[in-house]
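Structure first, then comments.
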Amino acid sequence: MDAATTSRPRLEVRILSRPFQPLALLEAWQSQSAATAADSPAAEGHFIGRVRGSTASGAPLEALELEDYPGMSETQLQAIAAACAGRHGVGAVLVVHRVGRILPGEAIVLVAVAADRRGPALRCVAELLEELKHHAPFWKREWSGGHGTWVAGNTPL
Amino acid sequence: MASQQSAVAAMVRVRLFAALRERAGWSERSLPLAADGCPLTPADLWRQLALGEAPPGQAAEFPATIRVAINHAFAPADTPLNPGDEVAFLPPITGG
C-alpha cells in the first residue's frame, strides 16, 4: 500500500428510513477509528440535528417528512463528504441522514469528523453541513393540524 | 428487432420530486427524444411538459429556483440530452 492510499480519509455515508440513536452510531464509528485508545484521533467535531417541535410559522409540528432522490442523494453526500475531507485534510467523516416521517426531537442528521487538530475537524463539520443542506437532494414537508406544507428554504445559519 | 431497440433507447426518463411532483400530479414519465434533428434539453422538456406556473400558451422561462440533474448529477438546463438519460427537476433543496 502506498502513502496516498493509506492517507485517504475514511468516509461513511448512510441514509436511514428508521429512527436512529446518534450517540450509538457515533460510538460504533469511533471504535472503527482506532484499534486502541492511544490510536484515537486527536480531534473530533460532531453535529447532531434534531426535528424542532414547531413549524416555520410557529404552529405545533406533528412530524417532519423527508423525501430523497434514491441513488442521487447518497451519491451527492459521498461527493460532498469526499470534497470537504480533502479540502480540510481530515482522517474520517461520518454522515447519517434520515428520510421518511420524523417526529419532533428525533435526530435527522449526524455529521462527525476526525482529524489531527480541532480547526480542521470543526471547520469540516460546519462546511459539510452547509454543503449538504444546499446541494444534497432532500426535501422537507412539515405536518401540522393534518396538513402537509413543503418547506420553501433552509433555516438561517 | 433492431428498430424496436433503437426506439426504446431513444427515450428519456423524466422524474419530479416533492412540491414539483405534487403540482404536476405525476412523478415519472418516459418521453421520446425530439426527432427533428435538434437535440432536446431539460429546458425544452420543462416547456413541453408545461411544468412551469405560467398561464397556458405563454412560454415560461426555465426558473432559476429549479435545479436539473441528468443521470444523478447536477447539470445546466440547456444540456443536450442523450437516449436513455434520466432527467430530474429538483425544487429548492431543504435537507439537513
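The values are calculated or read from the model by the stated rules, or taken from the named source; none is laboratory data. Being a predicted model, the structure only gives us computed values, none of them experimental. So basically every Cβ, Gly included, is an ideal-geometry build from the backbone, and we count neighbours across all protein chains shown. What goes into the accessible areas is simple: the full protein's heavy atoms, side chains included, and nothing from ligands, DNA or RNA. Shrake-Rupley method; radii C 1.70, N 1.55, O 1.52, S 1.80 Å.
Across segment A:28-45, not a single residue is classified as open to solvent by 20 Å² or more (accessible area, probe 1.4 Å), of a type in the set (V, I, T) and modelled with pLDDT of 95 or more. Within segment A:118-146, being over 17 Å from the mean Cα position of the chain (by Cα) and under 17 Å from A:V51 (Cβ atoms) holds for A:R141, A:E142, A:W143, A:S144, A:G145. The criterion of being touching a Ser or Thr at 6+ places or on another chain (Cβ under 8 Å), under 22 Å from A:L25 (Cβ atoms) and crowded, with 18+ Cβ neighbours inside 10 Å does not hold for A:G100. Restricting to segment A:105-157, name every residue that is in a strand (DSSP E or B), at the interface with chain B (Cβ under 7 Å from one of its Cβ atoms), open to solvent by 20 Å² or more (accessible area, probe 1.4 Å) and of a type in the set (A, V, I, L, M, F, W, C). Residue satisfying the conditions is A:W150 alone.
Among residues of segment A:36-61 that are within 14 Å of chain B (Cβ to nearest Cβ), those with a Cβ under 7 angstrom from a residue that is of a type in the set (D, E, K, R), sequence gap 6+ or separate chain, pair up as A:R50/A:E106; A:V51/A:E106; A:T55/A:E142; A:A56/A:E142.
Among the criteria (1) open to solvent by 10 Å² or more (accessible area, probe 1.4 Å); (2) assigned to a helix (DSSP H, G or I); (3) under 30 Å from A:W143 (Cβ atoms), the one A:R87 does not fulfil is (3).
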